[in-house]
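One structure below.
The values are calculated or read from the model by the stated rules, or taken from the named source; none is laboratory data. Note that this is a predicted model, so its numbers are computed, not measured. Positions of Cβ are generated from backbone atoms using ideal geometry, with glycine treated the same way; all protein chains shown enter the neighbour counts.
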Amino acid sequence: MTLLLFLAVLFGALALGMPIAFALILGGAALMLQLEVFDAQLVAQNLIAGVDSYPLMAVPFFILAGELMNAGGLSRRIVALAIAGVGHVRGGLGYVVIATAMLLASLSGSAIADTAALTTLLLPMMRAHGYPLAGSAGLIAAGGIIAPIIPPSLPFILYGVSTSTSISSLFLAGIVPGLLMGVVLVLVWRRRLAGFGCIPQPPAPARERRRALLEAGWALLLPVLILGGLRGGWFTPTEAAVVAAVYALVAGCVLYRELDRGALYSAFVRSARTTGVVMFLCAAATVSSYMITLAELPGQLAGPLAPLLAHPRLLMAVIVGLLLLVGMVMDLTPSILILAPVLLPLARSAGIDPVYFGVMFVLVGSIGLITPPVGTVLNVVGGVGGVPMLQTVRGVLPYVGAYCALLGLFVLFPGLITAPLQWLR
């Protein structure tokens, strides 16, 4: 009864068009009334406690780092390097999208920011060279969701904070799945090339390739610095976020000299707005999380799933299916904040590694970003690139199917995630 009340209030408020953060607060308040412990001061205390977290300080700095990279020319030089390297092969601009998506993912950690950059820089170029609009838009959308998996990842930070899981371990565990996502995109793109009448780019001269590599060198050094620092224990994820923001600022202002006063001001404003949205969601989710724990909702949810606790892979498959359905109607951030604290105790009871579960949770939620009807990343491609939603959906469906197959592989063989993590640790 308590679980049904919370879900009815939450989704009822969302159906009425209420912002997710306020719907979460309302759901928590409904549980307080049900348990007869309503206290406005308790709501305020949990709102403050939700953002009073040292690990969460990484969020604004990584957001700022991503904005400074795009404004300071780092993203553009990554694209130029990819074009110089593989732009001349058949379907080369598709491989450029994939390579750029993986490189940008190691810089920003935001699917929306990376997708916007890919759409702005590469979609007009693909159009000009005869690539199908639907296929191009679908590939860009599918490449954009690698960002939440390859570190640094904002969703991993939110998952780690909301479930008390090691963020450094989540970062390291995301490397191999992120690389495999890139491999999947390459395989699907190669298969789809047969029906494309695209015009290849002329090969770049060796001198131009060297120049592109030198110009992108400072941008390529950033993920090495972040991952090396985390792997070597030189700094925490929060400190890594500060390092990334300062590095992006210095690179844009001093090394590349593309960040003038106006661009810098705009980057700070965009970062502040995004940070405000994410932090308020975290604060609101803390109210719901507190009441979910007090009402013992995980225990109520464990009842129907109790027969599956002895079969971890089967339980994981059921949870993946549930999260795929949720991802179709809810964005990644609220999914993490609402469901991760509820589902992780079930996973622990079944003996599922919490870091593996976190990677799977974020991966499934990322796929939800490219599935209708919500599909945040699909909307970014359509809005920035002027592509009708129907064409984008048609173009992205083969990649959604391939990603789901990869999910099935991870469910059957968890060692694909956990074994590399042990080595990287």
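Evaluating residue 183 against the criteria (1) touching a residue at least 24 places away in the same chain (Cβ under 8 Å); (2) closer than 30 Å to residue 343 by Cβ; (3) part of a helix (DSSP H, G or I) leaves one unmet condition, (1). The set of residues from the range 308-317 being surrounded by fewer than 16 Cβ atoms within 10 Å (Cβ to Cβ), touching a Leu at 6+ places or on another chain (Cβ under 8 Å) and either free of Cβ contacts under 8 Å to residues at least 40 places away in the same chain or over 13 Å from residue 407 (Cβ atoms) (or both) comprises just one member, 314. Inside the range 208-243, residues that are of a type in the set (Gly, Ala, Ser) and crowded, with 16+ Cβ neighbours inside 10 Å make up a count of 6. Looking only at the range 40-62, decide whether some residue is buried (at least 24 other Cβ atoms within 10 Å of the Cβ) and either at pLDDT 85 or above or under 17 Å from the mean Cα position of the chain (by Cα) (or both). Yes, some residue in the range 40-62 is buried (at least 24 other Cβ atoms within 10 Å of the Cβ) and either at pLDDT 85 or above or under 17 Å from the mean Cα position of the chain (by Cα) (or both).
When 78, 150, 140 are screened for being more than 24 Å from residue 401 (Cβ to Cβ), buried (at least 24 other Cβ atoms within 10 Å of the Cβ), of a type outside the set (Phe, Trp, Tyr) and touching a Ser or Thr at 6+ places or on another chain (Cβ under 7 Å), only 78 passes.
Return yes or no: is residue 276 within 21 Å of the chain's Cα centre (by Cα), in a helix (DSSP H, G or I), under 18 Å from residue 48 (Cα atoms) and not aliphatic (A, V, I, L, M)? Considered against the rule, which asks whether it is within 21 Å of the chain's Cα centre (by Cα), in a helix (DSSP H, G or I), under 18 Å from residue 48 (Cα atoms) and not aliphatic (A, V, I, L, M), residue 276 comes out as yes.
Within the range 86-98, the set of residues being touching a residue at least 40 places away in the same chain (Cβ under 8 Å) and closer than 18 Å to residue 219 by Cα comprises 97, 98. Listed by first and then second residue, the pairs with beta-carbon distance under 8 Å, at least 6 apart or on different chains, first residue in the range 214-232 and under 12 Å from residue 244 (Cα atoms) and in contact (Cβ under 8 Å) with a residue 40 or more places away in the chain, second of a type in the set (D, E, K, R) and assigned to a helix (DSSP H, G or I), are 219/77. Number of residues in the range 15-32 that are surrounded by 12 or more Cβ atoms within 10 Å (Cβ to Cβ) and either free of Cβ contacts under 8 Å to residues at least 12 places away in the same chain or in contact with a Lys or Arg (Cβ under 9 Å, 6 or more places away or on another chain) (or both): the value is 2.
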